Amino acid sequence: MDEPADIGRRVQRLRKGLGLTQRELATPSYTPAYVSTLESGKVRPSETALRFFAERLGTSLDELATGRPARLATELRLSLTDAQRELSAGAADEAAVRYRRVLTDAEHLGLGPERAEAHLGLGDCALETGELDDARRHFEAAEELLADRPLPRRARAIRGRAIAHLLAGELRYACYLLESTIDELSGSGLADPEAMVLLYAAVIGPYIDMGAHARAAHAAELALALAPRISDPALVAGMHRQVARTFLAEGRTADADASLAKAQTIYRQLRLRTDLAHCHWMRGYVHAQNGDLAAAEEELRTARDMLAAKRAALYAAQVEVELADVLRRRGRFDEAAELASVLLDLDEGHGAVHAGGAHRLLGLISEERGDAEAAEEHYVRALALLERSGARGDLADLCRLLGDLLRRGGRTEAALDVYRTGLGHRAAPGTTTLGPPPAAPFRRG
């Protein structure tokens, strides 16, 4: 609401434009003296008074209180809906253009909630196209605009920021953001079901990558318990997609496939093309775990092509890590090596976990070709990337591969050192702890 003087001038201008006296405007609920005091800016009107005068003056409560035509705010909200629809269809670039227009207009009109929504949308677009620094900045801007709102209202911004850190390979910091928000929501009595499911689903992936399988399973269990209270079908589908990862980690491939089938059905109904591509990706991984490599390759190629067509470069690259592994297991080493080699550039600030996976694959291929020196080099590079990102879930296996390679080459002491390192990255089920809050990752600029 504007200052009383601004509201008073607005009431006076509209009254005179209609040719009304102060008495005519005041009748029957108020006195001419009150209208005079209001127009002089000496009193802040209540919402009830503003609603009465807005009706008498032929305008809206919002326009009388703020000077903003109500239709403009409505048009911006419609534009936000259109932008979300474009993003859901995988047209991130087109959606970003629309979100930027909304942001400009909302800033001009001083509409805080619409500005926050535009920043959230731009953050989602940037995640889609792999521009992680931009994504983080937009989510931080949204969180700042929503600073005075209840924590559940800020959950989407915090989740987006955590996903940006996760995709950049900063797993531990992503977990910290999500965990601390979940704890605050749980302890404050503001445990909104949709906010909690959003955060629980988001934390499953980094938990698994860090080897914290017990925590991932617990988060999935809590999310599933809340699912009946969720009205947003896309959120329920996203939860099922993430829960499938915990089933896979436990070797329950049939349950994982059933969860993915539920998610796919919803995504098809809602025409959420990018999310549907992620389901193809996960189902490809399920087939690979079951040893059905032909079906795995088909699903992964479908996911990769869908994501690449929508310029979701970083996600497409992650699928290609899985696809290269399937090609290697099918004995198509040249294709696998060519695909994995393209992914090595990801370690320059983006996707360190997936670049580490590419180096691991190239190490395996080099071993299978008898080139022990190249295999060792790739394994060492993969270790450095995964240690930097905190992806403990893959480190023990990688240490085993490197240790076995060194032992076969007669370097027993070096192999023992690597095995010991691998054991240090293992944790007993249910005892994993993330330790104290990590420092925020350093950013240039």
Inter-residue pairs, beta-carbon under 7 Å, first among the hydroxyl-bearing types (Ser, Thr, Tyr) and in the stretch 21-43, second assigned to a loop (DSSP other than H, G, I, E, B) and surrounded by 14 or more Cβ atoms within 10 Å (Cβ to Cβ), 6+ apart
THR37/VAL43
Candidate set from the stretch 311-327 (those that are of a type outside the set (A, V, I, L, M) and surrounded by 21 or more Cβ atoms within 10 Å (Cβ to Cβ)); member that is nearest to the chain's Cα centre (by Cα)
TYR315
Counting only helices (runs of 4 or more DSSP H) wholly inside the stretch 1-110, the ones holding at least 2 residues that are at pLDDT 90 or above are 4-17, 22-26, 32-39, 47-57, 70-88, 92-109
Restricting to the stretch 179-211, what's the tally of residues that are among the small types (Gly, Ala, Ser) and under 29 Å from ARG388 (Cα atoms)?
5
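Residues are listed down the side, and each one gets a yes or a no for (1) modelled with pLDDT under 90; (2) buried (at least 24 other Cβ atoms within 10 Å of the Cβ); (3) hydrophobic (A, V, I, L, M, F, W, C); (4) touching a His at 6+ places or on another chain (Cβ under 8 Å):
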position: ALA355; (1), (2), (3), (4): yes, yes, yes, no
position: GLU377; (1), (2), (3), (4): no, no, no, no
position: ARG381; (1), (2), (3), (4): no, no, no, yes
position: ALA396; (1), (2), (3), (4): yes, no, yes, yes
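Each row is one residue, and each column tells you yes or no for (1) of a type in the set (Val, Ile, Thr); (2) surrounded by 21 or more Cβ atoms within 10 Å (Cβ to Cβ).
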site: ARG68; (1), (2): no, no
site: THR74; (1), (2): yes, no
site: LEU78; (1), (2): no, no
site: ALA91; (1), (2): no, no
site: ARG136; (1), (2): no, yes
site: ALA141; (1), (2): no, no
Which one is surrounded by the most Cβ atoms within 10 Å (Cβ to Cβ) among residues in the stretch 108-125 that are closer than 15 Å to GLU86 by Cβ and out of contact with any His (no Cβ under 6 Å at 6 or more places or on another chain)?
ALA118
Among the residues of the stretch 289-302, is there at least one that is more than 18 Å from ALA91 (Cα to Cα), under 19 Å from the mean Cα position of the chain (by Cα) and either at pLDDT below 90 or of a type outside the set (Asp, Glu) (or both)?
no
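The values are calculated or read from the model by the stated rules, or taken from the named source; none is laboratory data. As the structure is a computational prediction, the values presented were derived from the model and not from experiment. All Cβ positions, glycine included, derive from the backbone under ideal geometry; neighbour counts span all protein chains shown.
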